[in-house]
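Okay, structure first, notes after.
The values are calculated or read from the model by the stated rules, or taken from the named source; none is laboratory data. Here the structure is a predicted model, which is why all the values come from computation and not from measurement. Cβ coordinates were reconstructed from backbone atoms using ideal geometry, including for glycine residues, and neighbour counts include every protein chain displayed. Protein only, heavy atoms only, side chains kept; ligands, DNA and RNA dropped before computing areas. Shrake-Rupley method; radii C 1.70, N 1.55, O 1.52, S 1.80 Å.
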Amino acid sequence: MNKRKILFYLLISIFITACGSGTDATQGADETSADLSKTFKWKMVTTWPANFPIFQQGAEKFADDVRTMSNGRLDIRVYAGGELVPPLQVFDAVSQGVSEMGHGSAYYWAGKVPEAQFFSTVPFGMTAKGMNAWLYNGGGLEIWQEIYKPFNLTTFPMGNTGVQMGGWFNKQINSLEDVKGLRMRIPGLGGKVFKKAGGNPVLMAGGEIYTALERGTLDATEWVAPFHDMRLGLNRAAKYYYYPGWHEPGTVFELMINDSKWQTLPADLQKIVEVTAAATSEWIYAQMEFHNQEALIVLKTKKNVEIIQFPDEVLLELRRLTKVTLDEEAEANPKFKHVYDAYENFRASYKGWDELSEQAYQNSLKLE
Ligand code: CA
């Protein structure tokens with residue numbers, strides 16, 4: 001090979017290398033590819049007991065799916081309530097960065113952020129489909145993230161219980177008189193409304209409910225719905241099972257993330273988290289609907305339980321008192337009012353469509 005040819009091949013090879021490294025340089029500037037070798041080992045603390053079906057399982061499924069989709073780059077270890085921090089300290093633990101992520105429901109933080117209850121559930125509020133429409137499209141999620149921002153948190157919906165049951169009672173509720181003085185385990189805004197109706201709301205952790213109801217320390221309790229309630233044995237502690245769950249018409253669960261840590265995640269991992277949270281939401285809701293219908297059949301056919309609808313008179317009064325309660329809270333707290341107004345504006349707008357789609361269709365199935 002003469003010198004000229006060698007020079008020619010040399011130039012060609014330099015040109016090709018230059019093109020190649022040019023491409024590399026472009027990829028190098030891309031944040032996603034640059035971080036491919038970096039692994040994030042994160043923690044997630046939850047408010048649920050270890051092995052708690054559907055809820056804790058949902059959090060673990062989320063972590064597994066994220067690990068698979070990110071090829072191990074985002075490796076989240078899930079801790080049940082009490083394993084790393086007590087259930088009701090999840091908010092603080094994530095806010096302070098003790099744990100990067102948390103799974104729970106926003107009404108647990110009512111003492112700290114009362115307005116967050118709208119992102120969980122409120123009595124006579126919207127069901128899962130209305131909440132999804134509001135959160136994902138109606139500006140709800142933006143408001144939620146905005147009120148969590150001062151706590152160095154960001155959040156995404158991650159689960160919905162569907163409409164819960166009204167609860168277990170050791171005496172029948174035939175009128176408002178029967179509510180007076182009734183000792184019932186019913187937390188949150190539902191408890192406040194219940195108190196206004198003359199009831200005696202009691203705060204009690206899940207683990208103590210069964211014994212309290214069986215021994216008569218409690219006259220009544222709400223918990224979740226047929227599947228979880230039967231698992232707790234509540235059908236053996238009380239005879240009457242009331243519906244509907246006026247106080248929890250579709251409780252949303254939240255994935256909360258420490259915002260400083262969130263900002264360190266590359267864009268592709270952030271997207272995997274966001275999309276997996278939405279998929280987990282659907283998974284949890286579908287699990288609830290599936291297991292509750294199955295458990296209801298067992299309760300109806302194999303257990304000695306009377307399943308009764310609350311009288312209209314009782315529901316109407318509880319609904320009236322709900323408005324009084326929410327209005328009072330809003331008057332005392334501008335932040336609560338801000339979220340309440342946004343929630344009610346969307347609900348008013350959604351009402352027309354909800355009535356002539358889902359509700360009218362469901363009514364048509366009852367025609368005889
Ligand atoms: Ca409940």
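Summary of computed values
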| read-out | value |
| --- | --- |
| Subset of region 184-221 (residues that are open to solvent by less than 40 Å² (accessible area, probe 1.4 Å) and among the hydroxyl-bearing types (Ser, Thr, Tyr)) | 221 |
| Output for region 328-361, where each listed residue is open to solvent by 80 Å² or more (accessible area, probe 1.4 Å) and of a type in the set (S, T, N, Q) | 345, 349, 359 |
| Evaluation of residue 212 against (1) in a helix (DSSP H, G or I); (2) of a type outside the set (Phe, Trp, Tyr); (3) within 14 Å of the ligand (Cβ to nearest atom) (one fails), failing number | (3) |
| Qualifying residue in region 243-252 (condition: buried (at least 23 other Cβ atoms within 10 Å of the Cβ), within 30 Å of residue 40 (Cβ to Cβ) and under 16 Å from the mean Cα position of the chain (by Cα)) | yes |
| Any helices (runs of 4 or more DSSP H) falling wholly within region 248-351 and containing at least 2 residues that are in contact (Cβ under 8 Å) with a residue 24 or more places away in the chain and within 16 Å of the ligand (Cβ to nearest atom) | 267-302, 312-332 |
| Residue in region 173-184 that is under 23 Å from residue 288 (Cα atoms), within 16 Å of the ligand (Cβ to nearest atom) and in contact with a strand residue (DSSP E or B) (Cβ under 6 Å, 6 or more places away or on another chain) present | no |
| Meets criteria (within 16 Å of the ligand (Cβ to nearest atom), open to solvent by less than 10 Å² (accessible area, probe 1.4 Å) and under 20 Å from residue 47 (Cα atoms)) for residue 227 | no |
| Lone unmet requirement of (1) away from the ligand (no atom under 13 Å from the Cβ); (2) touching a strand residue (DSSP E or B) at 6+ places or on another chain (Cβ under 8 Å); (3) at pLDDT 95 or above for residue 194 | (1) |
| Test: residue in region 231-239 that is under 29 Å from residue 301 (Cα atoms), at pLDDT 95 or above and surrounded by 21 or more Cβ atoms within 10 Å (Cβ to Cβ) | yes |
| Enumeration of residues in region 48-93 that are open to solvent by less than 70 Å² (accessible area, probe 1.4 Å), among the hydrophobic types (A, V, I, L, M, F, W, C) and outside any loop (DSSP other than H, G, I, E, B) | 55, 59, 62, 63, 66, 74, 76, 78, 90, 91, 93 |
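Residue-wise test of (1) within 15 Å of the chain's Cα centre (by Cα); (2) among the charged types (D, E, K, R); (3) at positive phi.
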site: 198; (1), (2), (3): no, no, yes
site: 230; (1), (2), (3): no, no, no
site: 241; (1), (2), (3): no, no, no
site: 263; (1), (2), (3): no, no, no
site: 276; (1), (2), (3): yes, no, no
